[in-house]
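The values are calculated or read from the model by the stated rules, or taken from the named source; none is laboratory data. Note that this is a predicted model, so its numbers are computed, not measured. Here the Cβ positions follow ideal geometry from the backbone for every residue, glycine too, while neighbour counts run over all protein chains shown.
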Amino acid sequence: MVRVRAFRTIENAVRREGYSCVAGVDEVGRGCLAGPVVAGAVALDPRKYIPRIADSKTVTALERERLFARIVKAAVAWSVSVVEPEEIDRLN
């Protein structure tokens, strides 16, 4: 939870600078060497609290599924994209 609190501190600082929408972004993949790259982003309403959000590596698969449903429901916006190795090669 320390990591989540650290991100919340950063988010609050950015909001004090005048930004009203802050998104969290993460990606996974090794590019064209080992399959696709998958990236996701979500912007949450800061007034809505979702208990038990933590680093996905620290929660069970079942809890991740439950959190996903709650996050999507509470999200201002969210997106997931997949980029295949061929497209990575073409863009590089």
Practice item. Return only the number of the condition from (1) at negative phi; (2) part of a loop (DSSP other than H, G, I, E, B) that ARG66 does not satisfy. Key: (2)
**Study point:** Residues of segment 65-81 satisfying the condition of being of a type outside the set (S, T, N, Q) and surrounded by fewer than 12 Cβ atoms within 10 Å (Cβ to Cβ)
**Key:** GLU65, ALA69, VAL72, LYS73, ALA77, VAL80
Exercise for review: Could you please tell me which pairs satisfy a Cβ distance under 7 Å, a separation of 6+ or placement on different chains, a first residue in segment 37-57 that is closer than 15 Å to VAL25 by Cα, and a second residue that is part of a loop (DSSP other than H, G, I, E, B) and not aliphatic (A, V, I, L, M)?
Suggested key: VAL37/GLY29; VAL38/GLY29; ALA43/CYS21
Exercise for review: Select from segment 13-25 the residues that are without any contact (Cβ under 8 Å) to a residue 24 or more places away in the chain and not hydrophobic (A, V, I, L, M, F, W, C) and write down the one among them that is nearest to SER79 (Cα to Cα).
Suggested key: GLY24
Revision key, fill the gap. Scanning segment 31-44 for residues that are surrounded by 11 or more Cβ atoms within 10 Å (Cβ to Cβ) and part of a loop (DSSP other than H, G, I, E, B), the one farthest from the chain's Cα centre (by Cα) turns out to be GLY35
Practice item. Could you tell me which residue of segment 45-63 is nearest to the chain's Cα centre (by Cα), considering only residues that are of a type outside the set (Asp, Glu) and outside any loop (DSSP other than H, G, I, E, B)? Key: SER56
Point to revise | Any chance SER56 is exposed (fewer than 10 other Cβ atoms within 10 Å of the Cβ) and at pLDDT below 90 | key: no
**Study point:** Selected residue [assigned to a strand (DSSP E or B) and loosely packed, with under 14 Cβ neighbours inside 10 Å] from ASP89, ASP26
**Key:** ASP26
Check your understanding: In segment 74-86, what residues are within 30 Å of TYR49 (Cβ to Cβ) and either among the small types (Gly, Ala, Ser) or part of a helix (DSSP H, G or I) (or both)?
Key -> ALA74, ALA75, ALA77, SER79, SER81
